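Written out below as structure tokens is the structure these notes cover.
The values are calculated or read from the model by the stated rules, or taken from the named source; none is laboratory data. Only a predicted model underlies this, so the values are computations on that prediction, with no experimental measurement involved. Cβ coordinates were reconstructed from backbone atoms using ideal geometry, including for glycine residues, and neighbour counts include every protein chain displayed. Note: areas computed on protein heavy atoms with side chains; ligands, DNA, RNA excluded. Shrake-Rupley method; radii C 1.70, N 1.55, O 1.52, S 1.80 Å.
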Amino acid sequence: DEEHDPSYKQQEGARYSARDLAVYRGKLDGATVLLGSATPSLESWQRANQGRYLRLGLPERIGGGALPTVRLVDMNQVRKAKGGEAALSPQLVEALNRRLASGEQSLVFLNRRGYAPVLHCADCGWKSACPHCSAWRVFHKLDRTLRCHHCGLTERVPRACPDCGNLDVAPVGRGTERLEEQLAGLLAHADGRAPRIARIDADSTRAKGALEARLGAVHAGDVDVLVGTQMITKGHDFRRVTLVAAVNPDGALFSSDFRAPERLFALLMQAGGRAGRDALQAGRSEMWVQTWHPAHPLYRALARHDYAAFAESQLKERESAGLPPWSHLAMLRAEARSAEAARDFLRAAAEHAAALPGGEAIAVYPPVPMAIARIANVERMQMLVESNSRVALQRFLAQWLPALHELRRGRKEAEQRILRWAVDVDPLSI
């Protein structure tokens, strides 16, 4: 089920895809493999287009529910709040208040936990960077801490800017904590009562049983507005939810990762699927998307619930760029105490690859830092390997891997030592 979900790809140890393994086991044993998804991975969709998979459509929702009406809010037309941030749009706030008045539930989705992604000093430009990672420490207002979500470093929020002593250090951006606070100040029942707001993210559900308790409150009708990260967008059957809102989903539109639009479309479609699951809500459920790019083809396809159009446009882009499923990729990643050691290891691996038989069918790209280049004082580099032939890539890797083991064992000096390395076939992120 949900065959497109990236969690099926193991990211530690043996980096295999449980979905692809199931398909292969089915082939070996003559078993039928059923892949279910409202937003299939583009690889599975393409195989169905080629006739390798049989596509079975499910045009109606279970129980007679209807897909929500998608409404795009152009944030370019919304007046910015103090500090340059755009507030929640008046249209969305009005829609949420209507649901409160009718006793229905709403779900507001923001895929960023904490209060704000970074603290910033306007006087000297200081930001709450993590000293051990290439990332910002996130401001959590409830316990007044700065936390790195990569290495776990947690410190109290400084009383003043550590660099210049300025007392006016302000949060920049919005996380689920801040969104919860803003909604509490903007929404109210008709009789003036405060709305019952619950937040579900990795922070609020850390304690044992916390997630089950909060989900139970939602199902029991004890919550008016549910706020959370992608944890609340998949698989839940919220029968009373008639409005879903996505706040600030634009970040993935222009990501350097070619799979980012596919993941965003699937996430938004899954989020929208939380609304209108009861047949009695047919025609009344809505999905609101606040975006700075309402004319983007992804959002146009989302507004029509047209996965086929989105998939066709993405596959055309990938074909013109020579990206999967039109090519086959592997990623060699290396971690060391210095970027130079990791880079030298990857360069030596590339030189060895050039000498292997069949190397002419393989393209090895120069080493580059990973998106987050340093985590817990460990430098991380990666090198992309590409081929138009799956068979050629697998044969190449079978020859290359023993050489990589030898290459690592030969780097015994402390300044050259490689802490970890791994080859990831069909990487989910680049």
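For the stretch 237-247, check the following and say yes or no: at least one residue is under 20 Å from residue 97 (Cα atoms) and aromatic (Phe, Trp, Tyr). Yes, the conditions are met somewhere in the stretch 237-247.
Strands (runs of 3 or more DSSP E) fully within the stretch 128-184 that include at least 3 residues being surrounded by fewer than 21 Cβ atoms within 10 Å (Cβ to Cβ), aromatic (Phe, Trp, Tyr) and in contact (Cβ under 8 Å) with a residue 60 or more places away in the chain: none found. Of all the residues that make up the stretch 32-48, how many are of a type in the set (Val, Ile, Thr) and open to solvent by 40 Å² or more (accessible area, probe 1.4 Å)? So the count comes out to 2.
A count restricted to the stretch 51-80 and to residues that are without any contact (Cβ under 8 Å) to a residue 12 or more places away in the chain and either open to solvent by less than 100 Å² (accessible area, probe 1.4 Å) or of a type in the set (Gly, Ala, Ser) (or both) stands at 2.
Of all residues in the stretch 320-343, those being within 23 Å of residue 406 (Cβ to Cβ) and either loosely packed, with under 14 Cβ neighbours inside 10 Å or not hydrophobic (A, V, I, L, M, F, W, C) (or both) number 6.
Among what's in the stretch 242-258 and is touching a residue at least 60 places away in the same chain (Cβ under 8 Å) and open to solvent by 20 Å² or more (accessible area, probe 1.4 Å), pick the residue that is nearest to residue 172 (Cα to Cα).
248
Only a single item in (1) over 30 Å from residue 319 (Cα atoms); (2) in contact with a helix residue (DSSP H, G or I) (Cβ under 7 Å, 6 or more places away or on another chain); (3) not charged (D, E, K, R) is not met by residue 230, and it is number (1). Cβ separations smaller than 8 Å between residues 6+ apart or across chains give no pair from the stretch 2-22 residues that are farther than 20 Å from residue 34 by Cβ to residues that are open to solvent by 50 Å² or more (accessible area, probe 1.4 Å) and of a type in the set (D, E, K, R). Do the conditions hold for residue 192, that is, is it of a type in the set (Gly, Ala, Ser) and in contact (Cβ under 8 Å) with a residue 40 or more places away in the chain? When the stated conditions are applied, residue 192 does not pass them. The selection criterion, being closer than 27 Å to residue 45 by Cα, open to solvent by 50 Å² or more (accessible area, probe 1.4 Å) and touching a helix residue (DSSP H, G or I) at 6+ places or on another chain (Cβ under 9 Å), holds for residue 277.
Does any residue of the stretch 272-288 turn out to be assigned to a loop (DSSP other than H, G, I, E, B) and without any contact (Cβ under 8 Å) to a residue 24 or more places away in the chain?
No - not one qualifying residue is present in the stretch 272-288.
You will find that of 252, 301, the residue that is outside any loop (DSSP other than H, G, I, E, B) and modelled with pLDDT of 95 or more is 301 and no other.
Give me the residue from the stretch 218-238 that is open to solvent by 30 Å² or more (accessible area, probe 1.4 Å) and assigned to a helix (DSSP H, G or I) and, out of that set, farthest from residue 177 (Cα to Cα).
Among residues in the stretch 218-238 that are open to solvent by 30 Å² or more (accessible area, probe 1.4 Å) and assigned to a helix (DSSP H, G or I), the one farthest from residue 177 (Cα to Cα) is 219.
Residue count for the stretch 404-416, restricted to those that are open to solvent by 30 Å² or more (accessible area, probe 1.4 Å) and either touching a Cys at 6+ places or on another chain (Cβ under 8 Å) or not in a loop (DSSP other than H, G, I, E, B) (or both): 5.
Contact map, the stretch 97-113: residues that are within 20 Å of residue 219 (Cα to Cα) paired with residues that are assigned to a helix (DSSP H, G or I) and among the basic types (Lys, Arg), Cβ distance under 8 Å, separation 6+ or inter-chain. Pairs shown: 105/99; 106/99. Could you go through the stretch 365-381 and let me know if any residue there is in a helix (DSSP H, G or I) and farther than 30 Å from residue 148 by Cα. Among the residues of the stretch 365-381, not one is in a helix (DSSP H, G or I) and farther than 30 Å from residue 148 by Cα, which makes the answer no.
Residues in the stretch 87-101 that are in a loop (DSSP other than H, G, I, E, B) and among the hydrophobic types (A, V, I, L, M, F, W, C): 87, 88. Candidates 397, 419, 401: the one that is assigned to a helix (DSSP H, G or I), out of contact with any Phe, Trp or Tyr (no Cβ under 7 Å at 6 or more places or on another chain), surrounded by fewer than 18 Cβ atoms within 10 Å (Cβ to Cβ) and not acidic (Asp, Glu) is 401. Scanning the stretch 344-363 for residues that are part of a helix (DSSP H, G or I) and open to solvent by less than 60 Å² (accessible area, probe 1.4 Å), we see that the one that is nearest to residue 428 (Cα to Cα) is 346. Residues of the stretch 365-387 that are open to solvent by 40 Å² or more (accessible area, probe 1.4 Å), closer than 23 Å to residue 324 by Cα and within 22 Å of the chain's Cα centre (by Cα): 368, 369, 371.
Whether any residue in the stretch 14-31 is charged (D, E, K, R), open to solvent by 50 Å² or more (accessible area, probe 1.4 Å), over 24 Å from the mean Cα position of the chain (by Cα) and under 19 Å from residue 266 (Cβ atoms) is what I want to check.
No, the stretch 14-31 has no match at all.
Within the stretch 397-420, not a single residue is of a type outside the set (S, T, N, Q), out of contact with any His (no Cβ under 7 Å at 6 or more places or on another chain) and under 23 Å from residue 255 (Cβ atoms).
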